[in-house]
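Trainee: My questions all concern the structure below.
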Amino acid sequence: MTADVHIETSVSQDNADPELPSRSTLAMLRDVPHFLLGRVVGAHDITVHILFPHLSPAEAKFASLTKDQLSRWLDEIFHPAVYQCCGAHYTQHLPASYRHALASSKAHQIEGRQIETASYQAQRSIGYHLQAEYLGQIWAGILERIVGTPGLSDFRSPQLLFSAKGTKLQFKTSPSRPTMLDAMENFQAYLERIIDFNFVYLDRLYVDVGKEICPRVSLLSSQRRRVGDEAQVYQWRRCCLERYMHWVYDGQPPSVKGRGQQYFAQNMLYEASNLTSVAPKHSKLREGGLIYSQFYGSVKEVSDATKCFPFENDGLEELALDPQIRQGARHAAGGHRRDARILERAYCASKHRAHHALLNSRSKSFGIREEHRISWTLFQGLAGKLRLQEDDELEITLLDCPAYAWPIKTEVYLNFLWRSADKFATGFEVVLARCQRELITWEQTKMMAMFLRCLRFVFGGHQIQRESSLWWSRRERSVGRPPEQRVWYGLGFCNTLLRYKYCWLEPRFDWRRLSFLPLVTDHVLFGNSMLRGQYLRRGGQVQGFFDATRQLELALDWIDRYGGIDSIRERLTSWAAHICLRQFRQDVFGSIQREVLEECREEVLQGLSPVCYEYLDEVMVGGTHLISGNRCDFKQAPALGQYLFNFDDGRIRTHWEDRPYRKLYRRARAGLDMRHSALRLGKAFSSVLRRKLFAHHWILPYPSTDVLLQTTKQGQRMWYSIEAAGVAAEELEETEPSTWQWARKSWRAGSPPPLPEYIEWSREEWVDWIRERRVDWMREQRELRERERGGDEDGDAERGSQGSWRHKKKYQ
């Protein structure tokens, strides 16, 4: 067993503005606008960034400099400073502008392509060398141009940051350098060779010093073991980490609830834990130079591919969505959404990587590590202290696993990981295999999403308490005004992890049906609300679509439960039709919302008003243009209705095939056909929808194979007017579609029948109404049985008296 010391990370800063507070060095690099300038020659691991602390990021979280910011930085600051210091023989090799450099980086991958492949990359990295003797002048020129040029103040006070990561193998102890002092002196000599310390603010130079304890035996899977060889995994004991924090902070460690001290459950275990600790700003440790510490197990290297763990892609949960819902949400979101085939490929790639990693690492050993980020002053003080000790005291050798670590056979530990991942992956795949090709119910979606969410936490260390759907067992909260008590259910890891030391699932499931129990299924934190978050970045239209899918799912579920009661089934079928028609209106007006008067736009986009000529004329900017020519594709109104809603009919709808309203209609029709094929409820639903489509939409969009709403050559939006001659307004909802005719330039005067109020009912209002109808139906059935029983008793009495009379007559 060895205890290795390494210097993993070095960070230094050259600050052009000494007045800038030093606390800026403690910010995360990803949160500060920055520009990657390049790498140090002879030290490829050291990257050079320029930080712009006063530059405003384009979004709430910084991702990268915008094209405008890059153009201003390169064309107005950096390139002029370089060209001012370097001669023509030097600058002839450099790009002349930002656009020149951008086009050059794309040239090889775009201009040289002949076919489109999955390996397509838009840009290449092209580097240019800056000689050391020019660097001081270039930096001075950069500062001068920022101060002296109007409009560049947001680039003021730039900082140079040098950062090195992933050097743990480069500065580890070795047979030639067996002690911690040797590793520190090797690192310092290396740093002094490549960096001129005269230009470094040493109070802003930080170094990561680490210690690693690992078993000696580590073999390839192809190597034969000798007697006594046993590969092991070491894991930190949580109790010992807590005791260490208590000791190092003199009995007052930072709060676990704050950001200073964080424990991570390793592989969904409680006792095997990782720890990160940030020294408080005013603590003695911070004053002494200790900034940050972390303790973790190296077994994460099995599945950690440069911070990428298996099944960590948050888009994988979209595999649990019904294809119709996924396509509709993608259309509503706009832009380029995730492709299901790409997600399936990512899922399978994670399975294969986890399989190979776990299978081929069974003969390897994995240790524990601790790393401490310290100031350069503390680093020098520590080296000086070590120099005062005897050489034989500096080299450390351990004979056995330390008491503060768990020793576990590698084969046992990796088998545990295998089984943990396998049970969640199997659950997901079994539910997926049970799904109908045309319909994935929300119950199945929630179960698959649950399995995929758990799968993300099998590998690596995680703060599971941040995942509400997994951590909480039951939560209550007052929502709305007046406040209503809402209840949510999670998987209850907050109870099982502490009680059983592993993240067992609380009893929330019917495992025979592979679904959540009826009492909790409507309140679990999976499914609609969870998956909706994948799309909500694109706006409220997607949120409205997911709300509509949930309402439709409720209607279908209630038809399953109470479909035997005619009044309930008819109203729920009508509600499902109105859900689709409301989404239809939202899709129509959402695609032309710029043509709607601004003061009416918000109300129109809600889709809560029937559509007629007077309504369109009131809300549209350019009035209403009705088509009337003989070249119209739809001479009969029912043909237009079928084209707007039908699917799998062989007709082309290039850019509106996946409109959300069409996906809702298809889902409703498929669900009713599958569940109630004998009753032909799917056909009945389509008939109801067609009647209500014409009853509440006297003006319809005029589509083509390319678009949902065509325009004339003059840019006028084209609408299709319909009329049911001789039919009163109150009878329209029962009027067959064949009664409606194309009205050409004419239109039906007045307003369509108002939409029923129940389409805006809350879930609680629906539950109350269904309960009342059930009570009425049960009372009617009871009365009917009593009447039938009473009739039977009268008949029996009459038949009994007649039988007695015949008996008497026969034997008289």
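The values are calculated or read from the model by the stated rules, or taken from the named source; none is laboratory data. In this text the structure is predicted, and so the values were computed from the model without any measurement. All Cβ positions, even for glycine, are placed from backbone atoms using ideal geometry, and neighbour counts span all protein chains on display. Only protein heavy atoms, including side chains, enter the accessible area calculation; ligands, DNA and RNA are left aside. Shrake-Rupley method; radii C 1.70, N 1.55, O 1.52, S 1.80 Å.
Trainee: Calculate, in nm to one decimal, what Leu432 and Val727 gain on full extension: separation in residues at 0.36 nm each, minus their alpha carbon distance.
Mentor: 101.3 nm
Trainee: Below 8 Å between Cα atoms, with a sequence gap of 6+, how large is the relative contact order for the chain in percent?
Mentor: In percent, rounded to a whole number, it is 11.
Trainee: Compactness ratio of the range 708-764: Cα Rg over 2.2 N^0.38 Å, N = residue count?
Mentor: Taking the Cα Rg and dividing by 2.2 N^0.38 Å, one obtains 1.53.
Trainee: On a straight-distance basis, which lysines could pair with Lys409 in a cross-link, Cα separation under 18 angstrom, same-chain partners fewer than 8 positions away excluded?
Mentor: Answer for Lys409, where 18 Å is the Cα cut-off: Lys300, Lys364, listed by chain and number.
Trainee: So if we plug the beta-carbon distance of Asp547 and Ser687 into 1/(1 + (r/R0)^6) with R0 = 25 Å, what FRET efficiency do we get, rounded to 0.05?
Mentor: Calculated transfer efficiency: 0.45.
Trainee: A follow-up question, please. Please give, to one decimal in nm, the separation of the simple spin-label points placed at Lys67 and Leu94, each 7 Å out from Cα toward the Cβ.
Mentor: About 2.4 nm separates the two model spin labels.
Trainee: If you don't mind, another one. At 7 Å along Cα-to-Cβ for each site, give me the label-to-label distance between Glu614 and Ala749 in nm.
Mentor: Using points 7 Å along Cα→Cβ, the separation is 1.0 nm.
Trainee: Would you work out the Kirkwood radius for the range 592-699? I mean one over the mean of 1/r across all pairs of different Cα atoms, in Å.
Mentor: It works out to 16.2 Å.
Trainee: Could I ask something else about it? Rounded to the nearest 0.05, what FRET efficiency is calculated for Glu411 and Ser105 with R0 set to 41 Å and r the Cβ-Cβ distance?
Mentor: Using R0 = 41 Å, I get an efficiency of 0.30.
Trainee: Turning to a different aspect of this structure: Can you list the residues, at least 5 places off or on another chain, whose amide H is less than 5 Å from the amide H of Ile46, using H built in the peptide plane?
Mentor: Those lying under 5 Å, H to H, from Ile46 are Val40.
Trainee: Here's another thing I want to ask about it. Per residue of the chain, what 222 nm ellipticity follows from adding -39500 (n - 2.57) for every DSSP H run with n ≥ 4, rounded to the nearest 500?
Mentor: After summing the helix terms and dividing by the residues of the chain, the value is -13000 deg cm²/dmol.
Trainee: Can you tell me the equivalent ellipsoid semi-axes for the range 738-795? Use √(5λ) from the Cα gyration tensor, largest first, whole Å.
Mentor: Values for the range 738-795, descending: 45, 22, 7 Å.
Trainee: While we're looking at this one, here's another question. How much net charge surrounds Ile565 when only the other residues with a Cβ under 11 Å from the Cβ of Ile565 are counted, with Lys and Arg +1 and Asp and Glu -1?
Mentor: The answer is +1.
Trainee: Within the set Lys165/Lys307; Lys351/Lys423; Lys168/Lys281, which residue pairs have Cα atoms separated by over 19 Å?
Mentor: From the list (Lys165/Lys307; Lys351/Lys423; Lys168/Lys281), the Cα-Cα distance tops 19 Å for Lys168/Lys281.
Trainee: Please work out the FRET efficiency for the pair Tyr83 and Ile759, using the Cβ-Cβ distance as r and a Förster radius of 51 Å; give the result to the nearest 0.05.
Mentor: 0.15
Trainee: Mind checking which aspartates and glutamates have their C-alpha under 18 Å from Lys61, skipping anything on the same chain fewer than 8 residues away?
Mentor: Asp31, Asp154
Trainee: Still on this structure, I have one more. Just want to confirm a number: the relative contact order over the range 636-790, from Cα pairs under 8 angstrom separated by 6+ residues, in percent.
Mentor: RCO, the range 636-790: 22 percent.
Trainee: I'd like the distance separating the alpha-carbon centroids of the range 491-527 and the range 232-295, in whole Å.
Mentor: A separation of 30 Å, based on Cα centres.
Trainee: Considering only DSSP beta bridges whose two residues both sit in the chain, what percent are antiparallel, to the nearest 5?
Mentor: 95
Trainee: Still on this model: How far is it, in nm, from the label point at Leu517 to the one at Trp418 when both lie 7 Å from their Cα along the line to the Cβ?
Mentor: Modelled inter-label distance: 3.4 nm.
Trainee: Hey, which lysines would be in cross-link range of Lys663, C-alpha to C-alpha under 23 Å, not counting anything within fewer than 8 residues on its own chain?
Mentor: Reachable lysines: Lys446, Lys683, Lys692.
Trainee: Find the accessible area per residue for the chain; the probe is 1.4 Å, ligands and nucleic acids are left out, and the unit is Å².
Mentor: Counting only protein heavy atoms, the per-residue value for the chain is 53 Å².
Trainee: Cα centroid distance between the range 332-408 and the range 672-695, in Å?
Mentor: Their Cα centres are 59 Å away from one another.
Trainee: Find the relative contact order for the range 142-294 and round it to a whole percent, using C-alpha pairs within less than 8 Å whose residues are 6+ positions apart.
Mentor: After rounding, I find 10 percent.
Trainee: Semi-axes, largest first, in whole Å: what does sqrt of 5 times each Cα gyration tensor eigenvalue give for the chain?
Mentor: Output for the chain: semi-axes of 65, 41, 23 Å.
Trainee: Just flag the GluC sites (Glu not before Pro) in the range 213-307 sitting in loop per DSSP whose Cβ has no more than 15 other Cβ atoms within 10 Å.
Mentor: When the GluC sites (Glu not before Pro) of the range 213-307 are filtered for loop state and at most 15 Cβ neighbours within 10 Å, Glu230, Glu271 remain.
Trainee: Please report the carbon-and-sulfur percent of the accessible area for the chain; probe 1.4 Å, protein heavy atoms only, DNA, RNA and ligands left out.
Mentor: Of the solvent-accessible surface of the chain, carbon and sulfur hold 50 percent.
Trainee: Once phi is turned into ³J(HN,Hα) by the Karplus curve 6.51 cos²θ - 1.76 cosθ + 1.60 with θ = phi - 60°, what whole-Hz value does each residue of the range 544-560 show in order, with x for glycine and proline?
Mentor: Result, rounded to whole Hz: x, 5, 5, 4, 5, 5, 5, 4, 5, 5, 4, 4, 5, 5, 5, 5, 4.
Trainee: Does the range 178-294 come out rounded, prolate or oblate, given a ≥ b ≥ c as the square roots of the eigenvalues of its C-alpha gyration tensor, rounded meaning a/c under 1.5 and, failing that, prolate meaning a/b above b/c?
Mentor: Oblate shape, in that a/c is at least 1.5 and b/c is the bigger or equal ratio.
Trainee: Label point 7 Å out from Arg787 along Cα-to-Cβ: which residues of the range 556-594 have amide N under 18 Å?
Mentor: Hits in the range 556-594 for Arg787 at 18 Å: 566-567.
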